[in-house]
Each structure stands twice: as C-alpha cells, then as structure tokens.
Amino acid sequence: ILLTGEAALNKVLGKAVYTSNYQLGGTQIMYANGVTHKTVDNDLKGVQAILNWLSYVPAKKGAPLPMLLTPSRKLLDPLERTVYDPRRGPNPESTYDPRILLTGAVDAIGKWRGGLFDDSSFEETLSGWGMSTICG
C-alpha cells in the first residue's frame, strides 16, 4: 500500500508525469530504500500483515495494551523475566545474531531462553534497508 503514489506526485507536479507506481521504483526499490516497511506476496497476506500489526495497538485511545493470556487468564510470558544474552554462553567471543536479545532462542543445551519481547511477538520491518539495524 503506497500512501503517496503516482497520483499524488502528478498533482504536486501539475501534470501527468507518472502513469503507475512502478515508475516510482516498485517494491524492489522502495523496500531497499526504507520507504516500504514490509513486502508480502499478495493482497491477502498484506491484509493479514496489517491486522497483525494492528493487534499490538490498543482498541481505543487510552486503553491498555493488548496482552496474550493463557486459558486460565495468566500472562503467556511473565512481565519480569531474564533476557537471554548469548554472549554469556559457553563461547562468549563468538559472533551472534543480536535479534536473539529481542526474540529469545533455544540455547546450546536445547532449553528455550526468552528475549526482551514476548514469545513470537517481534515482527521485523525494514529488513531490506539498513542491514546493520534491527527495526520492528
């Protein structure tokens, strides 16, 4: 979904310069330049991605943030928890993916270690832009 596309640019320019959004570069250009946060294969997946993103937003202004609960109404992930730091493992000098600090991971002995965000809740965006940054 382009919020500013060929129609808006033509209006600003005062004449029909562009006939389609693909002339502006398409997703292959806009994603790599950080204009597009996420790309998907089709419209249905696009709507699903939007709904998933909206699931993190309160239902109305001032409402509490949505929280994932178990069927017994307990928090799925505890608020107070240790964040797994792979640098404190058996080989602290090895290279690691910093996303592990955010998402958590299975450690060297096969045990799940939680990250800063709730399990499976981190959705990376802008991964085609700024390869040394993590946005989500």
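Out of (1) touching a Gly at 6+ places or on another chain (Cβ under 6 Å); (2) in contact (Cβ under 8 Å) with a residue 60 or more places away in the chain, what's the single condition that is false for G34?
For G34, the failing item is (1).
Within the range 1-59, take every residue that is open to solvent by 90 Å² or more (accessible area, probe 1.4 Å) and among the aromatic types (F, W, Y) and give me the one that is farthest from T125 (Cα to Cα).
Y22
Could you check S94 against (1) modelled with pLDDT under 75; (2) open to solvent by 80 Å² or more (accessible area, probe 1.4 Å); (3) more than 18 Å from K38 (Cα to Cα); (4) part of a loop (DSSP other than H, G, I, E, B) and say which number it fails?
Answer for S94: the failing condition is (2).
For the range 98-129, what are the residues that are exposed (fewer than 13 other Cβ atoms within 10 Å of the Cβ) and outside any loop (DSSP other than H, G, I, E, B)?
Result: V106, W112.
So N52 passes all but one of these: (1) modelled with pLDDT of 85 or more; (2) of a type outside the set (A, V, I, L, M, F, W, C); (3) on the phi > 0 side of the Ramachandran plot. Which condition number does it fail?
(3)
The values are calculated or read from the model by the stated rules, or taken from the named source; none is laboratory data. This one's a predicted model, so the numbers in the text were calculated from it and none came from an experiment. Quick reminder, even Gly has a Cβ in these numbers, built from the backbone with ideal geometry, and neighbours come from all protein chains shown. Each accessible area value is taken on the protein alone, full model and side chains, heavy atoms only, with ligands, DNA and RNA left out. Shrake-Rupley method; radii C 1.70, N 1.55, O 1.52, S 1.80 Å.
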